[in-house]
């Protein structure tokens, strides 16, 4: 039943030649959405996120590593 | 403020690090052995278990799943704990993941040389191991999501998104591509046939590269590069765009592995266009990585960790530019089936994955053992020897690839093929194969230097099994950063985020794969194409076991240079009973799609016994064991029954008697043919079945071409 329904929709309603356009528009819409999203993000949030790898939470006394000690 | 004290688990990181190093050496050694056999076929010592066709998949599996796989887990188990400010969700699951993965690798190392293979590239392991992979992967995923759930840092850093995308997509890819019907404990047939099998396989194959070799390593790049450079990533905004564009686009590009094949044109075009679009996010990621080092290039000069990272990120950029270019149909018409593809993947594997893994190892060992790296000088030697090895590997193979492509297509003034004998083209590139082995040796030597350096580092320090850390619990830390935004809300809810990632990933797969299965016009039927006979089924299984498709394609593309050389181009309808499809991806020997009837049976017998007796200069190994080993007639009923279950129309009960008689009659015929060539052979030997299969290839369409429908 469902198989036949999907089958007929794909065969008749959506031409296989329209797939290229359909796919491109799908991605284009998605991409624009992500762009808008990314550019609306607040600067303090972005800098907090960028700093996350540098804050491991390790205690300075546990670290002999100069890089890790700097980060704390 | 309420601060909790907890401990990061370093034992699991060390275990994966050691496994990475050990399997890395094994994978490279096997690769070297395979490389040597390409100019010195006798290097297999006439021993079937280490012959090229069987160890090529062993090399690819060892490097991808054992070396890079363990490297990936090593990096994830280290970075995830620190990014989540929490110990792994379950130590039991961590170790289950570790030992399960090593067991899978050992199983692969045993079964592949023994010839147990599904033949699908990077998915060669047989069904019981497939199930084990799924179980180990679930353990890893539960541990990943469990750790995310108990994190003390509200926000999920971009590296974790890449890990989430990896966990979900690999599960989907593995399950979909491993749908197979068992025909014994270590034998199965793909549920899909021909064109559909090809599409699913390369949808998997391409995305295994994407989501096993790329996304987890991008996550690791976004963690370890800022750590090593001690500065935040250049643009966090760009990393968001990089992630979403990459996970959305990658999955569509699989059909670029099947350009000019019998795959429907719409699927090929879709694959090509999306591959080209992939350049944008990939280069966004590369630039983000390299620009993170702006103002820190003085450190790159001194720190081997950063040196390896710079080359890794550059190699990522190079191979992700080259990949889309190779997906352009005209470029692909020259590059496909040649060594160009091999060079391309090695820039990725040796440069991107290899060098990033080395950089992580050099970063982690001093930290795990609380000491300094034993010798920076030795690490620098490793860097230069490894880089030189990569150059010596890749440049000759690029030259070989272009040479092969041009020679295959070259016509003389009279309009005939300039090099009608395939052998002429392969003999021409043998010197390049030798140089490639030199490059591989250098790369291995560099890795051995690293092993010594890491060993000395470990000896000099004291291993810290747990690292103590402190952080505030989630609710208080979460309140600290201003108003919630869209994306902040999203990555603050890992489950919702995971679902969105899955949707982004799945759209491409669904759009490509569903119509392929539902629309009949994609595979026009040819009435003269019939199922293989029982003897041919056994012969085909031997072809699969020996890994013949590692060097011989079965897909004639619609170019004059190919139809002149091999015969009529391949049609989708010719493969409807091919479980699995055997189109191959590489030609070290000629295409075999229309091999049937080209040579007498006696020629094949002599050629298998000693290829150089019929084709002087050939680099094909001897298959003399086929002349003495008995074919597996006992397995015939279970195999025919499994094939019927996946849709091959053998009559009911055929396997219980008629099949054996049919097999006997055809075997006797082959033996009689061989006798005419003054060869005495017994009808129960494997060579008889293989000859029957080879003589069948591509002949159906010749018998009644006028009946072709559509």
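Brief remarks follow.
- When each of B:477, B:458, B:504 is tested for being part of a helix (DSSP H, G or I), surrounded by 15 or more Cβ atoms within 10 Å (Cβ to Cβ) and at pLDDT 95 or above, the lone residue that passes is B:458.
- Any hit, segment B:45-54, residues being within 14 Å of chain A (Cβ to nearest Cβ) and either in contact (Cβ under 8 Å) with a residue 40 or more places away in the chain or more than 24 Å from residue B:131 (Cβ to Cβ) (or both): no
- Check on residue B:391, surrounded by fewer than 19 Cβ atoms within 10 Å (Cβ to Cβ), without any contact (Cβ under 8 Å) to a residue 60 or more places away in the chain and either on the phi < 0 side of the Ramachandran plot or part of a helix (DSSP H, G or I) (or both): yes
- Among the residues of segment B:213-224, those that are in contact with a helix residue (DSSP H, G or I) (Cβ under 6 Å, 6 or more places away or on another chain) and more than 9 Å from chain A (Cβ to nearest Cβ) comprise B:213, B:215, B:216, B:217, B:218, B:219, B:220, B:221.
- Scanning segment B:214-223 for any residue that is more than 22 Å from the chain's Cα centre (by Cα), more than 22 Å from residue B:123 (Cα to Cα) and either in the same structural domain as residue B:320 (by TED's automatic domain parsing) or in contact (Cβ under 8 Å) with a residue 12 or more places away in the chain (or both) turns up at least one such residue.
- Single unsatisfied condition, residue B:117 versus (1) touching a residue at least 60 places away in the same chain (Cβ under 8 Å); (2) within 27 Å of residue B:540 (Cα to Cα); (3) in contact with a helix residue (DSSP H, G or I) (Cβ under 8 Å, 6 or more places away or on another chain); (4) in a helix (DSSP H, G or I): (4)
- Segment B:250-265, residues that are within 10 Å of chain A (Cβ to nearest Cβ) and buried (at least 24 other Cβ atoms within 10 Å of the Cβ): B:252
- Sub-8 Å Cβ pairs linking a first residue in segment B:523-545 that is more than 14 Å from residue B:626 (Cβ to Cβ) to a second residue that is at pLDDT below 90 and in a loop (DSSP other than H, G, I, E, B), at least 6 apart or interchain, are B:524/B:709; B:524/B:710; B:525/B:709; B:525/B:710; B:526/B:709; B:527/B:704; B:527/B:709; B:528/B:704, ordered by first then second residue.
- When residue A:6 is tested against (1) part of a helix (DSSP H, G or I); (2) facing chain B (nearest Cβ under 7 Å); (3) at pLDDT 70 or above, just one condition goes unmet, and that condition is (3).
- Residue within segment A:18-30 that is at pLDDT 85 or above, part of a helix (DSSP H, G or I) and more than 7 Å from chain B (Cβ to nearest Cβ) present: yes
- Test result for residue B:109, closer than 26 Å to residue B:625 by Cα and either within 16 Å of the chain's Cα centre (by Cα) or modelled with pLDDT under 95 (or both): yes
- Test: residue in segment B:279-294 that is closer than 30 Å to residue B:434 by Cβ and without any contact (Cβ under 8 Å) to a residue 60 or more places away in the chain: no
- Of the residues making up segment B:382-421, those that are out of contact with any helix residue (DSSP H, G or I) (no Cβ under 6 Å at 6 or more places or on another chain) and more than 22 Å from residue B:562 (Cβ to Cβ) are B:384, B:387, B:391, B:395.
- Residue B:39 being away from chain A (no Cβ under 14 Å) and buried (at least 21 other Cβ atoms within 10 Å of the Cβ): no
- Filtered residues of segment A:41-57 (kept if modelled with pLDDT under 90 and more than 7 Å from every other protein chain (Cβ to nearest Cβ)): A:55
- Sole exception among (1) assigned to a helix (DSSP H, G or I); (2) touching a residue at least 60 places away in the same chain (Cβ under 8 Å) for residue B:439, by number: (2)
- In segment B:638-710, counting only helices (runs of 4 or more DSSP H) that sit wholly within it, the ones holding 3 or more residues that are surrounded by fewer than 16 Cβ atoms within 10 Å (Cβ to Cβ) and without any contact (Cβ under 8 Å) to a residue 60 or more places away in the chain span B:658-676.
- Among the candidates B:34, B:17, the residue that is crowded, with 24+ Cβ neighbours inside 10 Å, within 30 Å of residue B:427 (Cα to Cα) and away from chain A (no Cβ under 14 Å) is uniquely B:34.
- Residue in segment B:157-169 that is touching a strand residue (DSSP E or B) at 6+ places or on another chain (Cβ under 9 Å) and in contact (Cβ under 8 Å) with a residue 12 or more places away in the chain present: no
- Restricting segment B:61-102 to residues that are within 14 Å of chain A (Cβ to nearest Cβ) and outside any helix (DSSP H, G or I) leaves a set whose member that is farthest from residue A:49 (Cα to Cα) is B:87.
- Residue satisfying all of: in segment B:539-570; over 26 Å from the mean Cα position of the chain (by Cα) and crowded, with 20+ Cβ neighbours inside 10 Å; nearest to residue B:658 (Cα to Cα) among these: B:566
- Residue-level analysis places residue B:306 among those that are touching a helix residue (DSSP H, G or I) at 6+ places or on another chain (Cβ under 9 Å), over 25 Å from residue A:30 (Cβ atoms) and within 13 Å of chain A (Cβ to nearest Cβ).
The values are calculated or read from the model by the stated rules, or taken from the named source; none is laboratory data. Model, not experiment: these values are computed from the prediction. Virtual Cβ from ideal backbone geometry, glycine too; neighbours counted across all protein chains shown.
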